[in-house]
Amino acid sequence: MKYIRVKWEHTFDNEPVELISELDEALQEVRKIEVFRDGRKGFASKAESAGGTRLSLESLPSLAEIASDPQFKPAEISKREFEEAWSNRHPS
C-alpha cells in the first residue's frame with residue numbers, strides 16, 4: 001500500500017482543500033478522506049462513505065504528475081499518519 005496527502009489550493013467553497021488516500025499497487029484508492037476549508041470531513045472506503053466522498057473509479061496519477069499542476073501539493077505519508085487521519089475521520 002501507498003499513502004498520500006494532497007493539498008489543493010483553490011477558492012471553491014464546496015471542494016476539499018486536502019485529500020488523504022490509501023492506494024493499492026495499481027494506484028487505485030482503497031480508502032480516502034477529504035478535508036474541507038470549514039473543517040468538515042468526508043470519507044470513503046469500499047464498505048462505507050460519508051459527506052459525499054467517493055473513491056475514484058480510475059487509478060490516480062503519480063505524485064510527479066499530480067505535482068505538475070501548481071494548485072496541487074502532493075506528498076507521500078506513512079501508514080501511521082494515514083491510520084491516524086482515518087481514525088479521526090468522523091466528526092467530533
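The values are calculated or read from the model by the stated rules, or taken from the named source; none is laboratory data. Treat the numbers as computed from the prediction; the structure is a model and nothing was measured. Neighbour counts run over all protein chains shown; Cβ positions are idealised from the backbone, glycine included.
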Consider segment 18-51. How many of its residues are surrounded by fewer than 11 Cβ atoms within 10 Å (Cβ to Cβ) and of a type outside the set (Asp, Glu)? 4
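Every residue, every condition in (1) polar (S, T, N, Q); (2) within 23 Å of residue 11 (Cβ to Cβ); (3) free of Cβ contacts under 8 Å to residues at least 60 places away in the same chain, yes or no:
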position: 46; (1), (2), (3): no, no, yes
position: 58; (1), (2), (3): no, no, yes
position: 66; (1), (2), (3): no, yes, no
position: 75; (1), (2), (3): no, yes, no
position: 87; (1), (2), (3): yes, no, yes
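Being surrounded by 12 or more Cβ atoms within 10 Å (Cβ to Cβ), among the hydroxyl-bearing types (Ser, Thr, Tyr) and modelled with pLDDT of 95 or more is the requirement here; does residue 56 meet it?
Here the answer is yes, as residue 56 does meet what is asked.
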Report the residue count in segment 42-90 for those that are under 16 Å from residue 24 (Cα atoms), among the acidic types (Asp, Glu) and part of a helix (DSSP H, G or I). 1
Identity of the residue in segment 69-92, modelled with pLDDT under 95 and surrounded by fewer than 11 Cβ atoms within 10 Å (Cβ to Cβ), that ends up farthest from residue 32 (Cα to Cα): 92
